[in-house]
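All remarks here apply to the structure that follows.
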Amino acid sequence: VLKSLRGMREVTLKFLPEELFSDPCWEILLDLYAAHLTSTPITISKLGLASGAPLSTALRRIGEMQEHGLLDRRQDPTDKRRTYVTLTERGLKALDSFFEAYLGSSGSFQASLREEPDDIGARRGGEV
């Protein structure tokens, strides 16, 4: 399902102007959801780069989503240069509800999402 939603953007860009779909929020939320399902930590820089938007735009949108209570940032205690981003409980519930509505099921959606191979690192060309 996550691959399908990511692929939708690529197909959309083939037929519609890119500037109409340049907001990185959805890509960021999908990456964070996939990271949550696989218990994979994700850094703010990798998340910003994978969003497909200029890094400054991605960072601004990450800040806005944090203000809305959808995600949180925490500094790596062993390396202060690295910041991790995670979904908050509110963000996780919002995405869970979205996927329940999108898939028309209750409860089985997370199991099906967990069965998908994780391609976050592959899209970024390496480690998350």
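The values are calculated or read from the model by the stated rules, or taken from the named source; none is laboratory data. Here the structure is a predicted model, which means the values were calculated and not measured. No Cβ is skipped: glycine too gets one built from the backbone with ideal geometry, and neighbour counts run over all protein chains shown. For accessibility, only protein heavy atoms count, side chains too; no ligands or nucleic acids. Shrake-Rupley method; radii C 1.70, N 1.55, O 1.52, S 1.80 Å.
Per-residue answers, yes or no, for (1) touching a helix residue (DSSP H, G or I) at 6+ places or on another chain (Cβ under 6 Å); (2) surrounded by 15 or more Cβ atoms within 10 Å (Cβ to Cβ); (3) in contact (Cβ under 8 Å) with a residue 12 or more places away in the chain:
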site	(1), (2), (3)
M65	no, yes, yes
R74	no, no, yes
T83	yes, yes, yes
T88	no, yes, yes
A94	no, yes, yes
Can you confirm whether region 38-45 contains a residue that is touching a Pro at 6+ places or on another chain (Cβ under 8 Å), among the hydrophobic types (A, V, I, L, M, F, W, C) and at pLDDT 90 or above?
-> no
If you go through region 69-89, how many residues are of a type in the set (S, T, N, Q), more than 13 Å from the chain's Cα centre (by Cα) and farther than 11 Å from P41 by Cα?
-> 2
The one condition D79 fails out of (1) among the acidic types (D, E); (2) open to solvent by 70 Å² or more (accessible area, probe 1.4 Å); (3) modelled with pLDDT of 90 or more is (2)
Those residues of region 35-55 which are open to solvent by 60 Å² or more (accessible area, probe 1.4 Å), touching a strand residue (DSSP E or B) at 6+ places or on another chain (Cβ under 7 Å) and closer than 16 Å to R81 by Cα, in sequence order = P41
